[in-house]
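Right, one structure below, let's go through it.
None of the figures in this text is laboratory data; all of them are computed from the coordinates on show. All values reported here derive from a predicted model rather than from experimental measurement. Cβ: placed from backbone, ideal geometry, glycine included. Neighbour counts: every protein chain shown.
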Amino acid sequence: MDQLDEIKAKVDIVEFIGQYLPLKKAGRNFRSVCPFHGDKDPSLIVSPDKQIWHCFGCSAGGDIFGFLMKKESIEFIDALGQLAERAGVELKTRPRDWGMKSKLLAINELAAKFYEKYLKDTAAGRQAENYLINRGLNAETIAKFRVGYAPAGWDFLLKFLRRKEFSVEEIEKAGLIVNRNNKQYDKFRHRLMFPITDVSGRVVGFTGRVLDKDDQPKYLNSPETPIFNKGKILYGLSFTKEDIQEKKTAVLVEGQMDALSSYQANVTNVVASSGTALTLEQLDILRRHAETLILALDADGAGSEATKRAIELASAKDLEIKVAILEGFKDPDECAKADPAKWRAVVAAAVPIVDFYIDYAMKKYGTTSVNDKKKVVAEVLPAINLLGSPVEKDQYVKKLAEALNVNPDNLYEALKGLKAHRKPTRKAEAPTIPVKPMEKADWLEKRILGMLIFKSIYLGIFQKELDN
């Protein structure tokens with residue numbers, strides 16, 4: 001028995017999939033609705049005898065590895081690591097950085113528990129919790145998203161983690177302490193702590209929000225680490241992915257408070273970019289879970305520009321893009337707390353991207369002079385040119401012409417003059433964080449190792465099928 005068979009023998013597929021789906025007995029098998037397509041009747045079958053699953057609606061299927069990979073949108077090597085840990089199997093072959101990443105995940109998990117305990121069990125923590133409650137969050141939301149408090153002392157967390165037998169070097173590599181002049185102190189002090197989790201719910205980093213108005217930055221994020229790259233993580237996705245998949249729509253906001261307030265207002269298919277510019281990697285993640293992306297960024301000028309940049313990137317990912325228009329509120333957090341029903345209505349009334357472009361450009365440049373109108377046309381026509389449907393293009397050309405009181409024939413002529421739109425590519429995009437050569441090597445090793453392990457099990461299965 002190889003190690004993959006050992007893992008599958010120790011992790012019962014019915015029990016495992018039952019954590020994600022409500023399974024009902026159907027003879028010798030179990031049945032449920034399929035989470036991977038718009039399933040109304042239960043078409044997904046789980047076989048405890050064969051330890052496999054199959055959907056007769058969308059033809060998806062496989063073993064526990066395949067289910068975890070598809071459900072969590074992760075690669076085989078990551079699914080292997082998670083299931084091996086669950087089964088208590090020590091893998092003989094693994095990437096050389098796997099042990100360190102496991103330690104960093106353990107350190108971050110302990111830190112999250114440390115911050116949670118300080119929020120609940122100390123006087124300073126309870127004051128921080130009262131701040132959240134005064135900001136409109138309830139205890140249930142605070143607990144669900146594991147919001148905590150970093151005490152004001154210089155090395156409280158450091159001493160706690162050292163008692164757990166982690167080295168200073170490991171804690172520093174996790175991004176939780178700062179080392180200056182051979183002196184170490186906690187990176188986060190006297191801050192509200194928002195754990196950042198990967199799609200599987202593992203804590204990979206933190207955002208700390210300042211409580212006092214002083215010269216400290218309002219938000220402080222974990223640095224880039226072997227397990228945390230903020231351009232590849234979406235805050236809250238591990239909690240909201242089921243709702244996103246069910247609605248086939250993701251609502252993107254900027255900050256943690258926006259996401260928590262939105263979730264509490266029953267817009268639960270929400271994720272946050274944690275205040276960073278949206279990246280192609282984040283869009284790749286969203287595309288695995290959703291067909292439509294609603295951008296609900298701040299209503300100020302910076303938010304509008306961020307919306308435009310996000311639209312330009314998202315157009316390359318075959319996502320239907322809509323924009324939630326905030327009127328009378330500076331951000332989703334303020335709207336959701338002041339009037340939850342209003343926030344739900346704003347999201348439901350999200351407008352297609354070209355409508356947003358027309359409204360945005362007309363407000364930005366005005367329509368008084370010919371020059372104003374030229375600027376509006378120059379801003380909006382490229383967005384219209386992105387549209388794949390000639391009917392949509394025709395509709396929006398006429399709408400823009402009517403809004404500017406110009407002859408639509410002139411806009412058609414200008415549209416013909418635009419060069420064919422080329423979708424953004426990863427090569428053309430400047431990376432948010434430069435990738436070091438060693439990181440590329442580690443990534444390549446990980447992918448090759450995953451393919452080799454993956455091949456070793458499935459070649460046998462394919463051969464059996466051919467023999468039959």
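Multiply the residue gap between residue 349 and residue 405 by 0.36 nm, knock off their C-alpha separation, and tell me the result in nm, one decimal place.
Stretched out fully, the residue 349 to residue 405 stretch lengthens by 17.5 nm.
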**OP:** For residue 135 and residue 414, compute 0.36 nm times the residue count separating them, minus their Cα-Cα distance, and round to one decimal in nm.
**Re:** 95.5 nm
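Summing Lys, Arg as +1 and Asp, Glu as -1, what charge do residues with Cβ under 14 Å from the Cβ of residue 260 carry, residue 260 excluded?
-2
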**OP:** For region 190-265, state the semi-axes of the equivalent ellipsoid (square roots of 5 times the eigenvalues of the alpha-carbon gyration tensor), sorted largest first and rounded to whole angstrom.
**Re:** 24, 16, 9
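If you add up the charges near residue 33, with Lys and Arg at +1 and Asp and Glu at -1, over every other residue whose beta carbon is less than 11 angstrom from its beta carbon, what do you get? Mind showing how you got there, number by number?
Numbers: positive: 24, 31, 40; negative: 39, 41, 246.
Summing Lys and Arg as +1 and Asp and Glu as -1 gives 0.
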Original post:
What nm distance separates the two modelled labels at residue 102 and residue 370, each placed 7 Å from Cα along Cα→Cβ?
Top reply: 7.3
**OP:** Could you calculate the FRET efficiency of residue 327 with residue 395 from 1/(1 + (r/R0)^6), where r is the beta carbon distance between them and R0 is 25 Å, rounded to 0.05?
**Re:** 0.55
Original post:
Full extension from residue 338 to residue 37: what is 0.36 nm times the residue separation minus their Cα-Cα distance, to one decimal in nm?
Top reply: 104.8 nm
Original post:
What is the distance, in nm, between label points placed 7 Å from the Cα along the Cα-to-Cβ direction at residue 266 and at residue 155?
Top reply: 5.1
**OP:** Please tell me the relative contact order of region 170-274 in percent, rounded to the nearest whole number, where contacts are Cα pairs under 8 Å and at least six residues apart.
**Re:** 20
Original post:
Based on the Cβ-Cβ distance of residue 185 and residue 359, what FRET efficiency does E = 1/(1 + (r/R0)^6) give at R0 = 51 Å, to the nearest 0.05?
Top reply: 0.55
Original post:
Cα-Cα pairs above 23 Å in region 120-264: how many percent?
Top reply: 39
**OP:** For region 87-206, just say rounded, prolate or oblate: build the C-alpha gyration tensor, square-root its eigenvalues into a ≥ b ≥ c, call rounded for a/c under 1.5, and beyond that prolate if a/b exceeds b/c, oblate if not.
**Re:** oblate
